[in-house]
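Sharing a structure here in structure tokens format.
The values are calculated or read from the model by the stated rules, or taken from the named source; none is laboratory data. Keep in mind that this is a model prediction, so the values were computed, not measured. Using ideal geometry, Cβ is built from the backbone for each residue, glycine included, and neighbour counts are taken over all protein chains shown. To get the accessible areas, we keep the full protein, side chains included, count just its heavy atoms, and leave off ligands, DNA and RNA. Shrake-Rupley method; radii C 1.70, N 1.55, O 1.52, S 1.80 Å.
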Amino acid sequence: VQLQASGGGLVQAGGSLRLSCAASGRTFSTYDMGWFRQAPGKEREFVARISWSGGSTYYKESVKGRFTISRDNAKNTVYLQMSSLKPEDTAVYYCAADRGGGSGYSLPGSYDYWGQGTQVTVSS
């Protein structure tokens with residue numbers, strides 16, 4: 001499966017952005033999907049995950065209540081709605097697909113396919 005992330009940009013603190021990740025292929029609806037981010041000089045970190053059905057979601061503690069992950073299996077797309085953005089949210093955001101059987105939903109190694117990343121910059 002190929003993943004294409006979009007929707008990043010420059011926003012002031014307190015603002016909102018919605019990231020999208022479009023997937024190719026017929027098996028998108030069978031994958032759990034995640035969003036990760038990587039700031040300069042830092043390791044890639046987990047942000048959010050949604051199960052294949054959309055019935056379960058998981059979030060990094062610091063984004064709970066501000067970010068919402070969702071998916072539309074008919075459109076082969078997963079979204080990350082980000083609100084009340086902070087400068088510390090600045091990073092390249094990546095979407096990823098998990099075929100299953102991974103060792104942990106927050107671990108990058110559990111995901112099998114990755115998008116190219118989209119830059120999110122939050123100014124203070």
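Give the number of residues within region 57-73 that are out of contact with any helix residue (DSSP H, G or I) (no Cβ under 9 Å at 6 or more places or on another chain), charged (D, E, K, R) and open to solvent by less than 60 Å² (accessible area, probe 1.4 Å).
Residues flagged as out of contact with any helix residue (DSSP H, G or I) (no Cβ under 9 Å at 6 or more places or on another chain), charged (D, E, K, R) and open to solvent by less than 60 Å² (accessible area, probe 1.4 Å) within region 57-73 amount to 2.
Please go through (1) touching a residue at least 60 places away in the same chain (Cβ under 8 Å); (2) in a strand (DSSP E or B) for Thr68 and return the number of the only condition it doesn't satisfy.
The one condition Thr68 does not meet is (1).
Those residues that are open to solvent by less than 20 Å² (accessible area, probe 1.4 Å) and within 14 Å of Ile69 (Cα to Cα), I need them from region 22-36; list them, please.
Of everything in region 22-36, those that are open to solvent by less than 20 Å² (accessible area, probe 1.4 Å) and within 14 Å of Ile69 (Cα to Cα) turn out to be Met33, Gly34, Trp35, Phe36.
Given the condition among the small types (Gly, Ala, Ser), surrounded by 19 or more Cβ atoms within 10 Å (Cβ to Cβ) and in a strand (DSSP E or B), answer yes or no: does some residue in region 102-121 qualify?
No; the residues of region 102-121 include none that is among the small types (Gly, Ala, Ser), surrounded by 19 or more Cβ atoms within 10 Å (Cβ to Cβ) and in a strand (DSSP E or B).
Take the residues of region 84-101 that are without any contact (Cβ under 8 Å) to a residue 60 or more places away in the chain and in a loop (DSSP other than H, G, I, E, B): which is surrounded by the fewest Cβ atoms within 10 Å (Cβ to Cβ)?
Gly101
Within region 1-12, how many residues are surrounded by 14 or more Cβ atoms within 10 Å (Cβ to Cβ) and either outside any strand (DSSP E or B) or out of contact with any Ser or Thr (no Cβ under 7 Å at 6 or more places or on another chain) (or both)?
Of the residues in region 1-12, 6 are surrounded by 14 or more Cβ atoms within 10 Å (Cβ to Cβ) and either outside any strand (DSSP E or B) or out of contact with any Ser or Thr (no Cβ under 7 Å at 6 or more places or on another chain) (or both).
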